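**Student:** The structure's right below; bear with me while I get my questions together.
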Amino acid sequence: MEVYGVKPKRFTKEWWEYFWEYYKWHTIATIVLIILFITSINDCVHRINYDLQVDYISEHQISEEASNALTALIEENIDDVTENGKKEAYVTLLDMKENPDPQYTQAMYTKYSVEMAYIESFVFLMSKKYADELSDMGVFEASENWTSAPSYNGYCISLEDCTALKEIGIDTGDLYLGIIKLKEQEKVSEREKKLLQQENGIKFAKFLISKR
């Protein structure tokens, strides 16, 4: 820890005053980062069993209004695979642009790392940077297995000029779509549930592709 001025004896009243004066923002930033990390893990572990979850990963973020409109658009174009009488979608927004606050940037990369460790989404909408990065990681289904639309790298489809997304305020100039590969599950019942969610993802993906 970098020392500023004369450092009082540790854990005395003067030391706490000294610590708070010089390390207040470091402490607050660390606490916020920890809270975000714990919240991200908690969200991944305790999420509702949605019919489809979608990750939006980009340096070009969308507004809350556009996010809500995207959720509604998803629900209009998927099936009720959970059979609870309603279609429910969830959109995770990962803001990957450089931020003046380095703690915020670090928090987003931490959330991104957690999201990759606990993938529950089957559709990724992302910038080319993350389309390339995640394709190299092998997380996507080969595009030829689910669509006849041309892919630029064998896994991801460009959504440039997708009118359905443009109409709800999403810039598609640098936007790509990928379908998450189905992992081998230990339990047959778990694999069947994931397969239905993947099929829902493919259904929504084909809808977006048809609107280009």
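**Student:** What FRET efficiency would be calculated for the residue pair GLU65, GLU133, taking the C-beta separation as r and a Förster radius of 35 Å, to the nearest 0.05? Numbers along the way, then the final one.
**Tutor:** On the way: r = 28 Å, r/R0 = 0.81.
For R0 = 35 Å, the calculated efficiency reads 0.80.
**Student:** With a 10 Å radius around each residue's Cβ, average the other Cβ atoms per peptide and rank 126-133, 21-28, highest first. If you can, show how the numbers build up before the last one.
**Tutor:** Numbers: 126-133: 18.8, 21-28: 11.8.
Sorting 126-133, 21-28 by mean packing, highest first, produces 126-133, 21-28.
**Student:** Now, a different point. Given 0.36 nm per residue, what is the gain on full extension from LYS193 to ILE34 after removing their alpha carbon distance, in nm?
**Tutor:** 54.0 nm is the gain from fully extending LYS193 to ILE34.
Computed from the coordinates by the stated procedures, all read-outs in this text should not be read as laboratory data. Remember, predicted model here, so these are calculated numbers, not experimental data. Quick reminder, even Gly has a Cβ in these numbers, built from the backbone with ideal geometry, and neighbours come from all protein chains shown.
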